[in-house]
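This report concerns only the one structure given below.
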Amino acid sequence: MAGAMADRSKKPYVVAVAIQAIYTGLFVVSKAAFDSGINTYVFIFYRLAAATALLIPIALIDSTCRRSRSTTATPAPALSCRLLFKLFLYALLGNTFTLNMYNVSLKQTSATVGSAATNSMPVATFLLAVLLRMEAVKLRSRSGLGKLAGVVLCLAGVLVIAFYTGPSIRPLAHNPVFAQKPNNVSSGAEWIKGTFLLILACATWSLWIVLQVPLLKEYPKKLMATALQCLFGALQSFVVAVVVERDFTKWKLGLDIGLLAVLYSAFLGTGALMYLQAWCAEMRGPVFVAMWSPLALIFTILCSSFFLGEAVHFGSIFGGILLVGGLYSVLWGKSKEKENNITSVVPEESQVQGDRVAIQEKHEEGELTSQV
């Protein structure tokens, strides 16, 4: 019994590490595919189309099972034209625009920078929530100062990655599996542009995350909402890819890294990640999931050096450390704020309970007096 409990308590930690390992693979295989010559816009279309083929049947089965099991729950609203249009716009923001921008910037920078930039997403989400008045910042409190420090550290990390290269570390492998071609090495201007595009992509993705909260209150079928956004994103990305790349001979996928990257990003990067993150967040909370994201940066530095032959620069590592510091600072501020809210609620509840007891005692005294 004790052994089973111990295994159950370890599961969230194992899953959290597995999530970061999947993210690492996503960064590395995507970068390798782009370096091999696959068009980034065509890649996104294939990724979203494959993810749609995976998620639509699962969403339909899940919806049918929930309807058959639950007879008392309030049914989800029908998919009206207004709701479908909203899903279309959210897909345009979160899938078509964000993923295309992220992959273009990943091609111009490195897998390490792409991994480091994702650590800014919780900070960007918090900042957007503040701007949309969904979150408050009390600058006179420790929690507010922690959040503000996190934003400053993230901005500093972005500037360091963009403008400071520093000495480079030699690749771990002399003959990497997916060696980078000389013409794929970015210039200084492309590197700066790619870094800021990465942060912009993380910001728009964070906005998409913030917008999912009211969307899922309106339409609580999470799987179906995600599947439909993937479907709309695939249709939109097809139009974008056709406009950018009209030579359909370049759309062909062979038995190479391009096909591997598409399948990996669709099935592991979308299907498995979505389930594992939801399970881990349900078991230990979203903060527990977010606090493990710096592990992907460490994995990516090692894997990109070994498999891609990337020369990791000190500026990328130092900027990544600042981004990680910003992430943990915001998470610390959020945890302190939660603690303060709990401690402020408990005395209020105690006071209410005390008032109720006093009223009850007075009522009983009144009854005794009337009986006398």
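The values are calculated or read from the model by the stated rules, or taken from the named source; none is laboratory data. Being a predicted model, the structure only gives us computed values, none of them experimental. We place every Cβ from the backbone using ideal geometry, glycine too, and count neighbours over all the protein chains shown.
Starting from residues that are surrounded by fewer than 17 Cβ atoms within 10 Å (Cβ to Cβ) and of a type in the set (S, T, N, Q), keep the ones in the stretch 66-107 and report whichever is modelled with the lowest pLDDT.
The extreme case among them is 72.
When the residues of the stretch 143-167 are filtered to those that are of a type outside the set (A, V, I, L, M, F, W, C) and out of contact with any Asp or Glu (no Cβ under 9 Å at 6 or more places or on another chain), which remaining residue is modelled with the lowest pLDDT?
Kept after step one, since they are of a type outside the set (A, V, I, L, M, F, W, C), are these residues of the stretch 143-167: 143-144, 146-147, 150, 157, 164-167.
From what's left, out of contact with any Asp or Glu (no Cβ under 9 Å at 6 or more places or on another chain): 150, 157, 164-167.
Numbers: 150: 84, 157: 84, 164: 80, 165: 77, 166: 80, 167: 81.
Going through the qualifying residues, I end up with 165.
Identify the single condition in (1) among the small types (Gly, Ala, Ser); (2) surrounded by 14 or more Cβ atoms within 10 Å (Cβ to Cβ); (3) at pLDDT below 75 that residue 188 does not satisfy, given that it satisfies every other one.
Every condition holds for residue 188 apart from (2).
Would you confirm whether or not the stretch 202-219 contains a residue that is of a type in the set (Val, Ile, Thr), at pLDDT 85 or above and surrounded by 15 or more Cβ atoms within 10 Å (Cβ to Cβ)? Don't jump to the end; show me each part of the working.
Looking only at the stretch 202-219, we keep the residues that are of a type in the set (Val, Ile, Thr), and these are 204, 209-210, 213.
From what is left, the residues that are at pLDDT 85 or above are 204.
Going one step further and asking which of them are surrounded by 15 or more Cβ atoms within 10 Å (Cβ to Cβ), we end up with 204.
Yes, the stretch 202-219 contains at least one residue that is of a type in the set (Val, Ile, Thr), at pLDDT 85 or above and surrounded by 15 or more Cβ atoms within 10 Å (Cβ to Cβ).
For the stretch 312-333, what are the residues that are among the β-branched types (Val, Ile, Thr) and in contact with a Gly (Cβ under 7 Å, 6 or more places away or on another chain)? Let's see the steps before the verdict.
Residues of the stretch 312-333 among the β-branched types (Val, Ile, Thr): 312, 317, 321, 324, 330.
Listed by number, the list holds a single entry, 330.
Residue 304 fails exactly one of the following numbered conditions: (1) more than 21 Å from residue 127 (Cβ to Cβ); (2) in contact with a helix residue (DSSP H, G or I) (Cβ under 9 Å, 6 or more places away or on another chain); (3) surrounded by fewer than 24 Cβ atoms within 10 Å (Cβ to Cβ). What is the number of that condition?
(3)
Could you pull out the residue among 296, 266, 272, 278 that is buried (at least 21 other Cβ atoms within 10 Å of the Cβ) and within 23 Å of residue 57 (Cα to Cα)?
Values: 296 fails: within 23 Å of residue 57 (Cα to Cα); 272 fails: buried (at least 21 other Cβ atoms within 10 Å of the Cβ); 278 fails: buried (at least 21 other Cβ atoms within 10 Å of the Cβ).
When all the criteria are applied, what remains is 266.
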